[in-house]
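Below: the structure, in structure tokens.
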Amino acid sequence: MIPLQPPRRLIDVEIDGETVRVPEGSTILDACQAAGKDIPTLCYGDTLIPKNACRVCVVEVEGARTLAPACSRKAEPGMKVGTDTERARHSRKVVLELLGSSADLSTTPRAAEWTEEYGADPARFGDDAATVEQPAKIDNDLYVRDYSKCILCYKCVDACGDQWQ
């Protein structure tokens with residue numbers, strides 16, 4: 001017999017002026033998704049531990065000095081979150097530019113869409129921008145490491161890490 005878990009308490013969070021009710025312990029990203037907001041994420045995976053590596057999911061939390069990573073910051077009762085503020089949009093643009101200037105984002109899901117949406121121009125850093133380009137390493141038929149496309153999201157580390165043993 002499976003023991004019943006007590007229901008989690010619901011909390012109210014304000015996302016772009018709209019009140020959303022989410023279970024206690026939810027992240028800001030969970031609340032944004034419940035509100036129908038499309039927050040860009042590169043390093044987030046729903047079965048992985050958030051690494052806060054890419055910082056493209058940042059949002060503005062009222063009263064906070066710094067932008068918050070939506071993928072890992074827990075939602076709090078009464079929290080007011082801005083997902084499309086000038087500050088959050090500018091930060092996402094710069095992150096996409098820096099990543100795009102150092103790695104090949106051509107196979108990164110939705111990167112091209114977000115680069116266009118935020119007006120990011122990775123080429124502004126010029127041809128001399130440092131990259132991680134190197135030949136792909138083929139370990140076997142199932143696993144290829146192409147560091148020229150690595151965005152340092154750590155998904156591969158988590159996917160092969162201790163949590164799956």
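The values are calculated or read from the model by the stated rules, or taken from the named source; none is laboratory data. If you're wondering where the values come from, they're calculated on a predicted model, not measured in any experiment. Every residue, glycine among them, receives a Cβ derived from its backbone with ideal geometry; neighbour counts consider all protein chains shown. These area figures cover heavy atoms from the full protein model, side chains too; ligands, DNA and RNA do not enter into them. Shrake-Rupley method; radii C 1.70, N 1.55, O 1.52, S 1.80 Å.
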Solvent-accessible area per residue, Å², over the chain with all protein chains present [probe radius 1.4 Å]: 63 Å²
Karplus (6.51, -1.76, 1.60) ³J(HN,Hα), θ = phi - 60°, over region 59-74, in Hz, Gly and Pro reported as x: 9, 9, 9, 4, x, 8, 6, 10, 6, 10, x, 5, 5, 10, 6, 6
With every protein chain in place, the chain: carbon and sulfur % of accessible area (1.4 Å): 52 percent
Under-5 Å amide H pairs with Cys54, H placed in peptide plane, nonlocal only: Cys43
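Excluding Ala88 itself, what net charge comes from residues whose Cβ is under 12 Å from its Cβ, given Lys and Arg +1 and Asp and Glu -1? Don't skip to the end; give the middle numbers.
On the way: positive: Lys37, Arg55, Arg87, Arg89, Arg92, Lys93; negative: Asp16, Glu60, Asp84, Glu86.
Within the 12 Å Cβ shell, the charges total +2.
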Long-range HN-HN contacts of Thr27 with modeled amide H, under 5 Å: Ala75
Gap separating the Cα centres of region 76-147 and region 1-61, nearest whole Å: 22 Å
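Take peptides 80-90, 35-45 and line them up by average Cβ neighbours within 10 Å, highest first, as a rough protection proxy. Show your work: numbers first, answer last.
On the way: 80-90: 16.5, 35-45: 18.7.
The most tightly packed comes first, giving 35-45, 80-90.
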Region 57-115 shape via C-alpha gyration tensor axes, a/c threshold 1.5: prolate
Nonlocal amide H pairs with Val59, under 5 Å, H built at 1.01 Å: Ala68, Ala70
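Quick one: grab the alpha carbon gyration tensor of the chain, order the square roots of its eigenvalues as a ≥ b ≥ c, and give me rounded if a/c is under 1.5, else prolate or oblate depending on whether a/b is larger than b/c. Write down the numbers at each step before the final one.
Working: a/c = 2.93, a/b = 1.33, b/c = 2.20.
Cα axes put the chain in the oblate bin.
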Scattering profile of region 45-84 at q = 0.27 Å⁻¹ [log10 I(q)/I(0), Debye over alpha-carbon scatterers]: -0.99
